[in-house]
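Step one of this worksheet: look at the structure below.
Just so it is clear, none of the values below were taken in a lab; they were calculated from the coordinates. Nothing here was measured: the structure is a model prediction, and the numbers come from that model. All Cβ positions, even for glycine, are placed from backbone atoms using ideal geometry, and neighbour counts span all protein chains on display.
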Amino acid sequence: MSEHYYTKDPKVRSDRQTISSDLRGTDLRFTTDAGVFSKGGIDFGSRLLVESFVMPDVSGDVLDVGCGYGPIGLTIATLFPERQIQMVDVNERAIALSKENAERNHVKNATVYSSDGLSAVSDLDFAAILTNPPIRAGKDVVFSFYEKSYEKLRSSGELWVVIQKKQGAPSSMKHLEEIYGNVSVVAKRKGYYILRAIKS
């Protein structure tokens, strides 16, 4: 199997570039690199997730699972400065970029650390968890994100997922329904679904 971005230590040669972002009125700049997801620019799914996200009424931190170089987590941190944002990824190159991009954009309320899925996440009271899951890592990995997120959310906390219909949105909806007892389609555009499941 060829290497992909869901890899702890990408071997592909570095090819850094800087991109600009205008998500929900924010003006952020991100350094990206080869070996991380969507290095050429913020992908449509991540954009749709950020644009669709509504912060739950419950208190608590927010977790970005599979943060890549940081577009989702750092934008949410900028939009909601009163919240603490935790950002995790298995990819060490992505982790380094997210830390660099937090500093570049003067984001003080985000913490970035290495975690294979949610394995290194210790908190159990998140208000919201967001993920653009690593589809290429396989269904078992993606479904484990959903299952572990349930354990890490506080009561009435929400899991937000972006996934394409052709890459498993229907099976994701079924699995989320089984775990959470509910799932709703918050937005649907260009084959991408924004799914929300609430921990009751």
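Couplings 3J(HN,Hα) of the stretch 139-148, computed from phi: 4, 4, 5, 4, 5, 5, 4, 5, 5, 5 Hz, in residue order, whole Hz [Karplus 6.51 cos²θ - 1.76 cosθ + 1.60, θ = phi - 60°; x for Gly and Pro].
When Leu124, Leu195 are arranged by Cβ crowding within 10 Å, least crowded first, meaning fewest neighbours, the order is Leu124, Leu195.
With 0.36 nm allotted per residue and the present C-alpha distance subtracted, the Arg104-Asp140 stretch has 9.5 nm of extension available. Simple spin-label estimate for Glu51 and Glu178 gives 3.3 nm between the two label positions (7 Å along the Cα-to-Cβ direction from each Cα). Look at Tyr193, Tyr180 and count the other Cβ atoms within 10 Å of each Cβ; fewest to most, that gives Tyr180, Tyr193.
Per residue, the chain reaches -8500 deg cm²/dmol at 222 nm when only DSSP H runs of four or more residues are counted, each adding -39500 (n - 2.57). Determine the alpha carbon to alpha carbon distance for each of Lys39/Lys139; Lys148/Lys188; Lys148/Lys174; Lys139/Lys188; Lys39/Lys166 and list only those over 19 Å. Lys39/Lys139; Lys148/Lys188; Lys139/Lys188; Lys39/Lys166, as the Cα separations exceed 19 Å there. A simple charge model with +1 on the Cβ of Lys and Arg, -1 on the Cβ of Asp and Glu and nothing else charged puts the dipole of the stretch 17-198 at about 660 debye relative to its Cα centre.
What is the extension gain from Leu79 to Lys190, computed as 0.36 nm multiplied by their sequence separation minus the C-alpha to C-alpha distance, in nm to one decimal? Mind dumping the intermediate values first?
Numbers: separation 111, 0.36 × 111 = 39.96 nm, distance 2.51 nm.
My answer for the length gained is 37.5 nm.
For the pair Thr26/Asp125, report the inter-label distance in nm, with labels modelled 7 Å from Cα in the Cβ direction. Placing both labels 7 Å along Cα→Cβ, they lie 2.5 nm apart. Hey, of (i) 18.3; (ii) 16.6; (iii) 17.2, which did the structure itself give for Kirkwood radius over Cα pairs in Å when calculated? Answer label, from the structure shown: (ii). Neighbour counts of other Cβ atoms within 10 Å put Met87, Met173 in the fewest-to-most order Met173, Met87.
Once you have the Cα-Cα distance between Arg16 and Lys166, take 0.36 nm times their residue separation minus that, and quote the gain in nm to one decimal. The partial results should precede the final answer.
Details: separation 150, 0.36 × 150 = 54.00 nm, distance 3.04 nm.
Working it through step by step, the gained length comes to 51.0 nm.
Any idea what the relative contact order of the stretch 42-96 is, in percent, if you count C-alpha pairs under 8 Å spaced at least 6 apart? Working shown, then result.
Values: 61 pairs, mean separation 20.2, N = 55.
So the answer I get is 37 percent.
With the simple spin-label model, which puts each label point 7 Å out from Cα in the Cβ direction, the Tyr113 to Asp43 separation comes to 2.6 nm.
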